[in-house]
Ligand SMILES: [Ca+2]
């Protein structure tokens, strides 16, 4: 099988714009805390109609290609997301390009938060082979990546550990690439990392087919040992698999045209998907493409978006062979004839149903000015 990677307000009046930007992406939480109950009641941001009021304090871990970029923009535009930092690793593209892409996506969304560079090698030391169907720059090769900012000094893994340590039980990590940075953080300081509130993992094939092999999804395939470390870490994990972004969740040609006509942010997102749309067309799937990373972000920020989850024991196969990087999900409560699940640790919530029809409209509303 061809290695086809189909990944692939706060306020009223004058305060509204400033405060909503701060709520969306500002790492300085003191500004967020200034929001009063009255102001919250008077929110006018249209995205609030479909998003909850609970604040999510996020680290976004990303191998930034076009779909990661869409997820970053979504988070930056949502007033219930506070991005404390973005950590980058190789995957869709190499580390340097991934950092530039993340910076550009955040700048496009009007968001300034620190971007840290992390792993260019797998958990076990081999270089991560960057592979992108989003073009050489991971962003459609249309010269849209010209960030003004640069990556912040310091290592992504240390940033993750220190941020969790300083905010025990509060940090949600949105994992949009291979699990290398996260596994390294777990290896370096497992007790601190257990204070992570939740890891939201866009990874695995879910209950469907893979895209790196018949059974494996790219993020897991790129570093299966790291994914195994993450699953075995005792940190709460919610998994959004490839099957969650298929079918009605795919974006159509007409929807990309809507984004092009919407505003500069919409143009940026639409252009970044140009190469992957061509890739799909060349592989017999013209007219719609998956956008998994932003769907994972929507799962974090729009609880009504998730319709069902299974409590599962998730197990990652790291032995070389046909099933390398497959993740098995043993559903809690299911009785097997030959395998007792009594001793399993139910370490994963697997998203098994979500509001796919609402995906594009929610995204478009979030980035509308
Ligand atoms: Ca990604």
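The values are calculated or read from the model by the stated rules, or taken from the named source; none is laboratory data. Here the structure is a predicted model, which means the values were calculated and not measured. Don't worry about glycine lacking a Cβ; one is built from the backbone with ideal geometry, like all the others, and counts go over all protein chains shown.
Do the conditions hold for residue 230, that is, is it within 16 Å of the chain's Cα centre (by Cα), away from the ligand (no atom under 14 Å from the Cβ) and over 22 Å from residue 354 (Cα atoms)? Here the answer is yes, as residue 230 does meet what is asked.
Surrounded by fewer than 16 Cβ atoms within 10 Å (Cβ to Cβ), in contact with a strand residue (DSSP E or B) (Cβ under 9 Å, 6 or more places away or on another chain) and not in a helix (DSSP H, G or I): is that true of residue 285 in this structure? Judged against the criteria, residue 285 is not a match. Among the residues making up the range 214-228, those that are in contact with a helix residue (DSSP H, G or I) (Cβ under 7 Å, 6 or more places away or on another chain) and within 14 Å of residue 319 (Cα to Cα) are 220, 223, 226, 227. What about residue 85, is it within 17 Å of residue 149 (Cβ to Cβ), modelled with pLDDT of 95 or more, more than 16 Å from the ligand (Cβ to nearest atom) and within 15 Å of the chain's Cα centre (by Cα)? When the stated conditions are applied, residue 85 passes them.
The number of residues in the range 162-182 that are assigned to a helix (DSSP H, G or I) and either within 16 Å of the ligand (Cβ to nearest atom) or buried (at least 20 other Cβ atoms within 10 Å of the Cβ) (or both) comes to 5.
Of all residues in the range 183-205, those being within 16 Å of residue 117 (Cα to Cα) and either in contact with a strand residue (DSSP E or B) (Cβ under 6 Å, 6 or more places away or on another chain) or within 13 Å of the ligand (Cβ to nearest atom) (or both) number 0. Checked against (1) more than 14 Å from the ligand (Cβ to nearest atom); (2) on the phi > 0 side of the Ramachandran plot; (3) crowded, with 24+ Cβ neighbours inside 10 Å, residue 76 meets all criteria but (2).
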